[in-house]
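Novice: One structure follows; several queries about it will come next.
The values are calculated or read from the model by the stated rules, or taken from the named source; none is laboratory data. Because the structure is predicted, anything quoted here is derived from the model rather than measured. Cβ: placed from backbone, ideal geometry, glycine included. Neighbour counts: every protein chain shown.
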Amino acid sequence: MTATIYDNPDHELLRDQVARFIAREVEPFAAAWEETGMVPRDVLRRMGQAGLLGIAFEGEHGGGDADALTNLVFAEALSQSTFAGFIITVLVHTDMAGPHLHHAGTPAQKAKYLPKVTAGELITAVGISEPGAGSDVAGMRTTARRDGDDWVINGTKMFITNGVHGDLYFVAAKTGTARHDMSMFIVEKGTPGFTVGRALKKTGWLCSDTAELVFDQVRIPAGNLLGEEGKGFYSVMKNFQTERIALGAMAIGHCTQALKITLDHVRQRQAFGATLWDQQTIRQRLSMLDAKVRAARQFMYHCAWSVTQGHDIVQEVSMLKALTGELVNEVVQTCQQFHGGMGFIRETAIERLWRDARVLAIGGGATEVMLEEVAKRY
Ligand SMILES: Cc1cc2nc3c(=O)[nH]c(=O)nc-3n(C[C@H](O)[C@H](O)[C@H](O)COP(=O)(O)OP(=O)(O)OC[C@H]3O[C@@H](n4cnc5c(N)ncnc54)[C@H](O)[C@@H]3O)c2cc1C
C-alpha cells in the first residue's frame, strides 16, 4: 500500500496487528463460515480481547480512544480480508451500530453496554431500513409510543446486518407525526415481542447474517431511549459519516486485493505464447485501475483527516461513498474478466470479491442518493 501523509508509526503497528489476526483467524476458516452464514462468536470475542472491537470508543469502557484516521486505518486493514461477510460483520459492530451508543448513550447506558460491546460479548446491529423505506429514511413506518414508564415499539425492519445472531439492537422509530420526528432505542435480544422474522439469503457477504426484524408490541423501559427524543433522524445522519468512510475503506480494500490477486494471475497465465501481462491492453487497464484506486484512497484519508479537524464534510463523504462504491465494481469486474473461466468459479477469491462488491454501490446509501447529497450542497 502506498503511504499517505497522514500515516504514523502507530498506524503501521495497527495494520500489522490486524493483518496477523486476519491471516491467523480468518482467511483459513472463512470459506466454511460462508456455508454456515455467520462468523463464529468466539472469533469476535478474540478480536475483542485483542482490543480490536472498539478502538474509537472511550478508554474507560474498554475502547481505544482512537481518532477518525486511526479508525480508518483499522477499517482498511480489516478490509484486506477477501471475505467481505467477515468484514461487514465487524464493521457494522464497530462503525455502524456501535457508534450510536458511543455518540448518544448516557453514562449509565455506556457503563452497562460498552464494555461488553468492546469485548465482543455483545454483538450489535442497527435497524433503520424497512421493507418500504431504505434510501428514504424519513419514510419509515415503525413507531414507538410512550406508555407510562415504557416505550412500545411496533414495526418491521429489513436487511439488518448481524440481525440474526446479534445481541443488542439500536432501532429507529417514529415518535411523532412530523416527517423527521424519530428516535433511537436500545432493544436487547430476547425482549418479548421482538423476533427475527427471517434470515435473508444473499448474493454475497455470505458469512454475514442479515435479517428481517419484527417488533410486535415490544415494551422497553424509558431508559432505553438512545439520545434525544425526536432527534433520531439527525443522529442517524451523523452516524452515516462514520459508516460511509468505513464502507469506502471496504471498497478500497477489495480493490487493493483484487488488483494484487489479478497482477499475480496475469503475470503467470500463458495464452498465445506469452503471459497475459504481455498483452498491452491488459497491463494498461490494470495500471489505470490502480491509478484510480490510489487517487480514491488518498481522498478517503483526506476525508478522515477532515473529521479529526472537526470539519463538516457531508458532501465529501457522500462523494467518497459514491466514488468508491462504483470504482470497486469496475475494478472487480475487470479483474474477474482477466481470470477467464476461473473468475466464475466459486472457489476463487476474485469470484467472491465480485459478488461481495455489488452491494457497496447500494447499501449504506445508494450511489444516486449519495450524488443527490453532493449536488444539494453546491
Ligand atoms: C446486505 C445488506 C445489508 C444491509 N444492512 C443494513 C443494516 O444493517 N441496517 C440497516 O438499517 N439497513 C441495512 N441495509 C439496507 C441498505 O442500507 C438499503 O438497502 C439501502 O439504503 C437502499 O435502500 P432500499 O434497498 O430500500 O432501496 P430503495 O430506497 O428502494 O432504492 C432502490 C434504488 O433506487 C435508486 N434511488 C433511490 N433513491 C433515489 C433518488 N433519490 N434518486 C435516484 N435514484 C434513487 C437507487 O439506485 C437505489 O438503489 C442493508 C442492505 C443490504 C442489501
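Novice: Please determine whether any residue of the range 272-287 is of a type in the set (G, A, S), at pLDDT 95 or above and buried (at least 16 other Cβ atoms within 10 Å of the Cβ).
Specialist: Filtering the range 272-287 down to residues of a type in the set (G, A, S) leaves 273-274, 287.
Next cut, at pLDDT 95 or above only: 273-274, 287.
Restricting the remaining residues to those that are buried (at least 16 other Cβ atoms within 10 Å of the Cβ) gives none.
Scanning the range 272-287, I find no residue that is of a type in the set (G, A, S), at pLDDT 95 or above and buried (at least 16 other Cβ atoms within 10 Å of the Cβ), so the answer is no.
Novice: Taking the range 105-137 on its own, how many of its residues are among the small types (G, A, S) and within 12 Å of the ligand (Cβ to nearest atom)?
Specialist: Adding up the residues that qualify gives 7.
Novice: Sticking with this structure for a sec: Which residue is nearest to the ligand (Cβ to nearest atom), if the candidates are limited to the range 149-167 and must be more than 11 Å from G127 (Cβ to Cβ) and in a strand (DSSP E or B)?
Specialist: Step one: filter the range 149-167 for residues more than 11 Å from G127 (Cβ to Cβ), giving 149-152, 154, 164-165, 167.
Then drop every residue that is not in a strand (DSSP E or B), which leaves 150-152, 154.
Working: D150: 24, W151: 19, V152: 21, N154: 17 Å.
In this case the residue turns out to be N154.
Novice: Please find, within the range 217-240, the residue that is farthest from S183 (Cα to Cα) out of those that are away from the ligand (no atom under 14 Å from the Cβ) and crowded, with 21+ Cβ neighbours inside 10 Å.
Specialist: Let us first name the residues in the range 217-240 that are away from the ligand (no atom under 14 Å from the Cβ), namely 217-231, 234, 238.
Add one more test, that the residue is crowded, with 21+ Cβ neighbours inside 10 Å, and what stays is 218, 220, 225-227.
On the way: V218: 15, I220: 14, L225: 7, L226: 7, G227: 8 Å.
Going through the qualifying residues, I end up with V218.
Novice: For the range 354-378, enumerate the residues that are under 15 Å from the mean Cα position of the chain (by Cα) and in a helix (DSSP H, G or I). Steps first, answer last, please.
Specialist: Filtering the range 354-378 for residues under 15 Å from the mean Cα position of the chain (by Cα) gives 356-366.
Result: D356, A357, R358, V359, L360, A361.
Novice: Name the residues in the range 208-243 that are at positive phi and not in a strand (DSSP E or B), would you? Walk me through it before giving the result.
Specialist: Quick first cut of the range 208-243, residues at positive phi only: 217, 227, 230.
Scanning the range 208-243 gives G227, G230.
Novice: Out of the residues in the range 200-216 that are near the ligand (Cβ under 9 Å from one of its atoms) and surrounded by fewer than 17 Cβ atoms within 10 Å (Cβ to Cβ), state the one that is farthest from R41 (Cα to Cα).
Specialist: T203
Novice: When G197 is evaluated against the numbered criteria (1) outside any loop (DSSP other than H, G, I, E, B); (2) touching a helix residue (DSSP H, G or I) at 6+ places or on another chain (Cβ under 7 Å); (3) more than 10 Å from the ligand (Cβ to nearest atom), which criterion, by number, is the only one it fails?
Specialist: Single failed check for G197: (2).
Novice: Another question about this same structure. Does at least one position in the range 54-71 carry a residue that is polar (S, T, N, Q) and crowded, with 18+ Cβ neighbours inside 10 Å? Let's see the steps before the verdict.
Specialist: As a first pass, look at the range 54-71 and keep what is polar (S, T, N, Q): 70-71.
Pick out the ones that are also crowded, with 18+ Cβ neighbours inside 10 Å and you get 70-71.
Checked the range 54-71: at least one residue is polar (S, T, N, Q) and crowded, with 18+ Cβ neighbours inside 10 Å.
Novice: Residue pairs, Cβ under 6 Å, 6 or more apart or interchain, first in the range 352-378 and more than 17 Å from K238 (Cα to Cα), second more than 10 Å from the ligand (Cβ to nearest atom) and of a type in the set (D, E, K, R). List them.
Specialist: Matching pairs, first to second residue: A361/E326; T367/E326.
So that you can scan it fast, the table gives a plain yes or no per residue for (1) more than 16 Å from A246 (Cβ to Cβ); (2) among the small types (G, A, S); (3) crowded, with 21+ Cβ neighbours inside 10 Å; (4) in contact with a Leu (Cβ under 7 Å, 6 or more places away or on another chain):
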| residue | (1), (2), (3), (4) |
| --- | --- |
| T82 | yes, no, yes, yes |
| T106 | yes, no, no, no |
| A125 | no, yes, yes, no |
| G148 | yes, yes, no, no |
